[in-house]
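Everything below concerns the one structure shown next.
Readers should treat all values here as calculations from the given coordinates under stated rules, not as data from a laboratory. What you see is a predicted model; the values in this text were computed from it and never measured. All Cβ positions, glycine included, derive from the backbone under ideal geometry; neighbour counts span all protein chains shown.
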Amino acid sequence: MQQFYQTFRRPTAENSRQFVTKAEALQAAQLYVKNLSATEVIAYCHQRLAEFNQPEDTQLIIRFLKAYANIEILAGDLKVAITSYQKIQEILGTPTNDIDRRLANEVAEKLDKLEFKKEAYPPISYDFKPFDKLFNWAPFVLVGDWK
């Protein structure tokens, strides 16, 4: 959505008095995300993680670490994914509520699976576009006036 808002209401290339419509900005955002490489997604996650440093940012940090780890898994870089999930475990520490306990269990199960898969040594490749599949486009919906 960041790309949508950066594009929306910019003057068009053809005429500086006309502005980009919502539909055009949405399409530009879709194409931007669709064409992102795994390397660019990881760089974005690193950039955003560097911005979080407050205790109330813990849930956001965990979400970005999980997203980062999932891209690493898709790239076949299981050692780095394991490190990301271990960071999540460190952040969680000893869970004090049900939500954190479920998350801790999910992370522990994921780590077990990754440790097992790591033995197969899948090829590592960041030359793919993680969001080029059609099912990634559900969030890109424009409702109401498209002008």
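Among the lysines of segment 38-118, pairs at least eight places apart or on separate chains and with Cα atoms under 15 Å apart come to 11.
Highest GNM mean-square fluctuation among Phe52, Phe128, Phe64, for the chain modelled with Cα contacts below 10 Å: Phe52.
The length gained by stretching the chain between Phe8 and Lys34 to full extension, at 0.36 nm per residue less their Cα-Cα distance, is 7.6 nm. When you restrict to C-alpha pairs under 8 Å that are six or more residues apart and normalise by the size of the chain, the relative contact order lands at 30 percent. Highest GNM mean-square fluctuation, the chain, Cα pairs closer than 10 Å: which of Ala120, Ala43, Ala28? The residue with the greatest mean-square fluctuation here is Ala120. Entry note, the chain: the mean residue ellipticity at 222 nm calculated from DSSP H runs of n ≥ 4, each adding -39500 (n - 2.57), is -19000 deg cm²/dmol after division by the residues and rounding to the nearest 500. Taking segment 1-108 on its own, what percent of its Cα-Cα pair distances exceed 24 Å? For segment 1-108, the share of Cα pairs beyond 24 Å comes to 43 percent.
About its Cα centre, how strong a charge dipole does segment 38-118 have in debye, to the nearest 20, once Lys and Arg get +1 and Asp and Glu get -1 at the Cβ?
Result for segment 38-118 is approximately 240 debye, rounded to the nearest 20.
With R₀ set to 25 Å, the beta-carbon distance separating Ala104 from Val80 gives a calculated FRET efficiency near 0.75.
Contact order, relative form, for segment 38-118: 26 percent (alpha carbon pairs under 8 Å, 6 or more residues apart, mean separation divided by residue count).
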